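Before any comments, here is the structure.
Laboratory data are not the source of any read-out in this text; all were calculated from the coordinates shown. All figures in this text were calculated on a predicted structure; none of them were measured in a lab. With ideal geometry, Cβ positions are generated from the backbone for all residues, glycine too; neighbour counts draw on all protein chains shown.
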Amino acid sequence: MGVFNTFYNTIAKRNSIFVPTIFATAFAFSISFDVGVTSFWDRWNQGKQWKDIRHKYVQDSE
Amino acid sequence: MAAVFFSKKALTAPPTVRTLASGVPSAPLVNFAVRSPAGHGHHEHGAVGPRSDAPARWAGGVSSSPVSGLSSKTFVSAPTTGVYQQRLLSTSAVCKDAPQVPDFSDYQAKSPSTNRGLAYFMIGSLGVLTASAAKSTVTEFLATMSASADVLALAKVEVELASIPEGKNVIIKWRGKPVFIRHRTQEEINEAKSTDWKTLRDPESDESRTKKPEWLVMLGVCTHLGCVPIGEAGDYGGWFCPCHGSHYDISGRIRKGPAPLNLEVPAYDFTEGDAKLIVG
């Protein structure tokens with residue numbers, strides 16, 4: 001009884017569970033992928049983007 | 001007749017010159033590969049070389065040797081040719097069901113159920129990636145149809161609110177349509193709020209139509225047939241449409257006439273400490 005066997009018995013055995021699980025996982029995956037790539041991009045380009053240097057040029061009149 | 005001169009002279013010799021002691025006729029100089037002379041026999045197509053109807057060498061044929069003389073042999077069964085079958089079955093060899101098949105037992109799955117689970121997991125993972133890619137392809141394609149940021153920026157209108165005195169209407173143009181902005185007085189606000197709006201034709205409260213009660217922002221298009229109503233007119237002190245006589249109150253709600261709905265409220269916002277109004 002390994003991980004894959006458990007996976008088969010809980011999810012893949014019935015197609016009515018398998019396909020919705022695939023779609024739900026795809027939804028979660030696309031969001032997490034997007035968030036992950038965006039945070040990586042912000043970290044990689046730290047100090048170069050407008051949102052990082054905006055406070056040097058624009059003074060908010062609050 | 002040239003072929004005759006190139007062939008051996010024995011062609012013209014008698015087929016038998018003498019008889020061996022065994023009784024076999026001896027014809028040592030007969031050329032069995034000779035062609036028939038051109039123009040002879042029934043083969044008029046000019047075929048040269050050995051006769052085409054002669055049986056193949058392996059099937060037998062006529063030969064002559066100095067020892068046995070002229071002899072003709074016909075092999076009833078063809079001689080064995082090709083690969084001889086190997087005899088693998090012996091007392092010392094392992095007997096298998098299919099001796100030519102290699103042993104794949106090292107490559108077979110240790111646990112078929114785990115193998116099946118892994119296979120389904122890989123199928124599902126590929127399905128996840130494919131569904132995700134398909135979804136983002138569709139959404140990115142649809143995003144190309146929406147308005148770009150520069151178009152959206154041009155589609156906004158800024159109004160300086162300090163230039164509008166209390167109790168006055170201002171009409172500005174926004175996306176080709178007129179927008180009414182009224183700086184309402186306190187009495188007008190009270191009147192708009194005190195109206196029993198639940199009995200109106202298009203019931204909407206004044207609070208739901210304004211973000212700040214002193215500023216009323218509406219599209220200046222009559223909801224009946226699209227005329228532009230006249231401000232500070234009509235029976236209810238609001239707007240009056242001259243085309244078919246729709247009366248709107250001080251909150252822009254339809255009160256009398258053919259129009260079915262209240263004047264539409266566009267998306268707007270106050271910025272820079274309520275000094276500016278941005279429509280759009």
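A few comments on the model shown:
- Here the condition is being within 14 Å of chain A (Cβ to nearest Cβ), exposed (fewer than 13 other Cβ atoms within 10 Å of the Cβ), charged (D, E, K, R) and not in a helix (DSSP H, G or I); of B:Asp269, B:Asp274, it holds for B:Asp274 alone.
- Scanning the range A:13-62 for residues that are among the hydroxyl-bearing types (Ser, Thr, Tyr) and either surrounded by 12 or more Cβ atoms within 10 Å (Cβ to Cβ) or touching an Asp or Glu at 6+ places or on another chain (Cβ under 7 Å) (or both) turns up A:Thr21, A:Thr25, A:Ser30, A:Ser61.
- Helices (runs of 4 or more DSSP H) lying entirely in chain A (those with 3 or more residues that are out of contact with any Ser or Thr (no Cβ under 9 Å at 6 or more places or on another chain) and within 13 Å of another protein chain (Cβ to nearest Cβ)): A:15-44
- Count - residues of the range B:95-114 that are surrounded by 10 or more Cβ atoms within 10 Å (Cβ to Cβ) and either facing another protein chain (nearest Cβ under 8 Å) or farther than 30 Å from A:Thr25 by Cβ (or both): 5
- Selection of first residues in the range B:128-157 that are surrounded by 11 or more Cβ atoms within 10 Å (Cβ to Cβ) and of second residues that are basic (Lys, Arg), restricted to Cβ pairs under 9 Å at least 6 apart or on distinct chains, gives the following pairs, ordered by first then second residue: B:Ala155/B:Arg175; B:Val157/B:Lys173; B:Val157/B:Arg175.
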